[in-house]
Amino acid sequence: MNGRVLFALLVGCAVVFGLAAGLSGAENLGRGLIALEREDGSVFLSWRLLDEDSDDVAFQIGRRTAGSSEDVAVLAQGEACRAANFIDQTARRGQSYVYELYPSGLGRRPRTSERWGETEISLTGRPKPYIRVPLGGDYDFQKVGIGDLDGDGTYEYIIKQPNFNTDPYQQPGYWKKSTTTYKLEAYRLDGTMMWRHDMGWSIEAGIWYSPWIVYDLDGDGKAEVYCKAGEGDPRDEKGLVQTGPEYLVKLDGETGKIVAKTDWPSRDGFSRYNYYCRNFLTVAYLDGNEPSLIIQRGTYSLIKMQVLDKDFSQIWYWESTQEKKKFRGQSGHGLTTADVDEDGRDELVMGAAVIDDNGKGLWSLEMGHPDVMYVADIDADNPGLEIFYGIEPRRETDAICVVDAGTGRKLWTHKEPTRHVHGQGMAADVLADSPGMEVYAGERDLRQRWLYSAKGKLIEFAEEGTLSPRALWWDSDPQKEVVVSRAIRDWAGDAIQSVEGRVIAVVDCLGDYREELITSMKGELRIYTTTIPDSRRRVCLMQDRQYRLGVVAQTMGYYYPAQLGR
């Protein structure tokens, strides 16, 4: 097998699990079984614990030599294998093995029909902490979407390439004429390309021109791809696209063919190109049961939002001009889905303002556009969710703050003047001796970075360092680690795992609840995954609705790591 890990997830015994009981668009997740060789020659196995698993469910691990007809040797079962990972200490270098996963407690040798999943690995003595997905050419990519395109319980990986970006802001160094068109490409985990969709010259090569998402909106068990589209080549002599029809299109997940389209919210009412060329697209459960498509146009001035059902019929339409309070110009660089008022229905955190599930403004900070925006349970002492903000425009005070997500009430604020809070910041529990999450934001121009506790206590101040650390669960303690300087490490600690390539995404897409790190290399997508054992039992993060929809939103706008909603 040339050291490549092959994956085959069987659905014979798989149970259908989803975002929450009864939700349309729920995913038929398999166990995501993986096997990786470790430095000491052992094999690390990891798989998903799912939402419908009982508290007493345990697992049975079998192993046989690849290509042989020998009986499966049982390596672990029962109480000894309640966690969703296991280390095979008896594996031998030079061998190829097939590992099989079964429910424990069968009381006999398991039958193939009872298998929950299998994976094959060849032990080469050259362990790699990642899975390599070869791409269809010698290019890297800008974004990755994740979804089960064919309904077999295994995620596919959809990329947007090449990694070229231009901003609509018409100043030197921002907007650049597009030299190529974006292509969306769908890959299976073994590197098989399923299809390619050329977005065409009507979509300029920049994040704000080209929103797209991956999700099973129509409820057939197979994810679709939705993206902005146009017709022909409407570029003017400068290379700007200022005319021509604009559409939302639906691509069939298995073939990439366009199967439906509808009009995108118009350019009407926007005063300039920089304002109407900023577009967003995501998914929300506005009624608590059925997923809807959310389209947004505008960030810094007029904002339009349209909600469509799976058949592209309009549910409601909203403009910032409809509100008495200031909602104009309050958008961020992402669009977050979260149930902020705990009524079972999702709201839309568009920035420094929230739109209720019924298409009415819920509240607005009236502070302007935020670069940093995370919705999470930051402070356990405050009921419900909170939002951490880093407001971009110059302010004398309060540009960095944590607010109550349901009301917008400020729980604490940064009291110093700021010029331009920049980057995506961070919200994550990275320090064991500080209750709740820590929040991080900074300014590039003034060389200032701040790490605050959930209660607003300043923990660290620095004049340099990343403005967008990526936090992820990686080792066996409750705190998250961070990706900084091409390595996964504890906060301000030594490297635990070095990484290569440009960091694209953090997501729980394989194995147990610990998150994978996806990077882009020339000609390949890499999925780094932990090989550290962990005795804790935690359900797959992708079955948390807010987390799953946070992953959906990562292919449009700025990248913000997904946060749990429960």
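Close amide H pairs (under 5 Å, H built 1.01 Å from N) link Glu516 with Val507, Asp508, Cys509, Leu510, residues at least 5 positions away or on another chain.
Its convex hull of Cα atoms gives the stretch 432-501 a direction-averaged projected area, equal to a quarter of the hull surface, of 5.2 nm².
Under 1.5 on a/c is rounded, so check that first for the stretch 265-419, then, if it is not, pick prolate when a/b is larger than b/c and oblate when it is not; a ≥ b ≥ c are the square roots of the alpha carbon gyration tensor eigenvalues. The partial results should precede the final answer.
Details: a/c = 2.22, a/b = 1.19, b/c = 1.87.
Oblate shape, in that a/c is at least 1.5 and b/c is the bigger or equal ratio.
Using the 1.4 Å probe convention, the accessible area of the chain works out to 38 Å² per residue with neighbouring protein chains retained.
With the charge dipole of the chain set up from +1 on Lys and Arg Cβ and -1 on Asp and Glu Cβ about the Cα centre, the Cα lying farthest toward the positive end among the listed residues Ile294, Gly147, Tyr174 is that of Tyr174.
With both labels modelled 7 Å from their Cα along Cα-to-Cβ, the Arg502 to Ala487 distance reads 2.4 nm.
The mean of 1/r over all pairs of different alpha-carbon atoms in the stretch 189-284, once inverted, gives a Kirkwood hydrodynamic radius of 14.6 Å.
Once you order the gyration tensor axes a ≥ b ≥ c over the Cα atoms, which shape class does the stretch 381-498 get: rounded for a/c under 1.5, otherwise prolate or oblate by comparing a/b with b/c? The shape class here is oblate. Mean projected area of the convex hull spanned by the Cα atoms of the stretch 134-257, taken over all viewing directions: 7.9 nm².
Would you work out the charge dipole size for the chain about its Cα centre, treating the Cβ of every Lys and Arg as +1 and the Cβ of every Asp and Glu as -1, and quote it to the nearest 20 debye? Each step should come with its number before you reach the end.
Values: 67 positive and 87 negative charges, 281 e Å.
For this selection, approximately 1360 debye.
Modelled spin labels at Thr90 and Glu464, positioned 7 Å past Cα toward Cβ, are 5.3 nm from each other. Computed about its Cα centre, the charge dipole of the stretch 190-301 is approximately 480 debye, with only Lys, Arg, Asp and Glu carrying charge at their Cβ.
Does the stretch 505-561 come out rounded, prolate or oblate, given a ≥ b ≥ c as the square roots of the eigenvalues of its C-alpha gyration tensor, rounded meaning a/c under 1.5 and, failing that, prolate meaning a/b above b/c? Oblate, since a/c reaches 1.5 and b/c is not below a/b.
What pairs from Lys160/Lys360; Lys176/Lys326; Lys250/Lys522; Lys222/Lys261 go past 23 Å between their alpha carbons? Don't skip to the answer; put the middle values down first.
Working: Lys160/Lys360 33 Å; Lys176/Lys326 32 Å; Lys250/Lys522 29 Å; Lys222/Lys261 18 Å.
Pairs exceeding the cut-off: Lys160/Lys360; Lys176/Lys326; Lys250/Lys522.
Here the accessible area of the stretch 71-175 is 45 percent carbon and sulfur, with a 1.4 angstrom probe and all protein chains present.
So between Arg419 and Glu366, what do we pick up on full extension, going 0.36 nm a residue minus the alpha carbon distance?
Details: separation 53, 0.36 × 53 = 19.08 nm, distance 1.73 nm.
Between Arg419 and Glu366, full extension yields 17.4 nm more.
Kirkwood radius and radius of gyration were both taken over the C-alpha atoms of the stretch 438-566, and their ratio Rg/Rh is 0.96.
For the stretch 195-308, with all protein chains in place and a probe radius of 1.4 Å, 43% of the accessible heavy-atom surface sits on carbon or sulfur.
Within the same chain, lysines fewer than 8 places from Lys455 are excluded, and of the rest, those with a Cα less than 22 Å from its Cα are Lys410, Lys415, Lys480. A cut-off of 5 Å between modelled amide H atoms, ignoring neighbours fewer than 5 places along the same chain, links Ile315 with Val307, Leu308, Asp309. For the chain, averaging the sequence separation of C-alpha pairs within contact (under 8 Å, six or more residues apart) and dividing by the residue count gives a relative contact order of 13 percent.
Ranking Val484, Ala432, His422 by Cα position along the charge dipole of the stretch 413-520, where only Lys, Arg, Asp and Glu carry charges on their C-beta atoms, puts His422 farthest toward the positive end. In this entry, the stretch 243-305 is assigned a mean projected area of 5.6 nm², taken as a quarter of its C-alpha convex hull surface. The alpha carbons of the chain occupy a box of 72, 54, 42 Å along the principal axes, longest dimension given first.
If you scale each eigenvalue of the Cα gyration tensor by 5 and take the root, what three semi-axes come out for the stretch 351-405, rounded to whole angstrom and sorted largest first? Don't skip to the answer; put the middle values down first.
Details: eigenvalues 70, 53, 14 Å².
The three semi-axes for the stretch 351-405 are 19, 16, 8 Å.
Using the Kirkwood radius over Cα pairs, work out the Stokes-Einstein diffusion coefficient for the stretch 87-192 at 4 °C and 1.567 mPa s, in µm²/s as a whole number.
Values: Rh = 18.3 Å.
The diffusion coefficient I find is 71 µm²/s.
On the stretch 352-455, 46 percent of the accessible area sits on carbon and sulfur atoms, based on a 1.4 Å probe.
The values are calculated or read from the model by the stated rules, or taken from the named source; none is laboratory data. Just so we're clear, the structure is a prediction, and the values are computed from it rather than from any experiment. Virtual Cβ from ideal backbone geometry, glycine too; neighbours counted across all protein chains shown. Ligands, DNA and RNA are stripped out before the accessible areas are found, and what is left, the full protein with its side chains, is counted by its heavy atoms. Shrake-Rupley method; radii C 1.70, N 1.55, O 1.52, S 1.80 Å.
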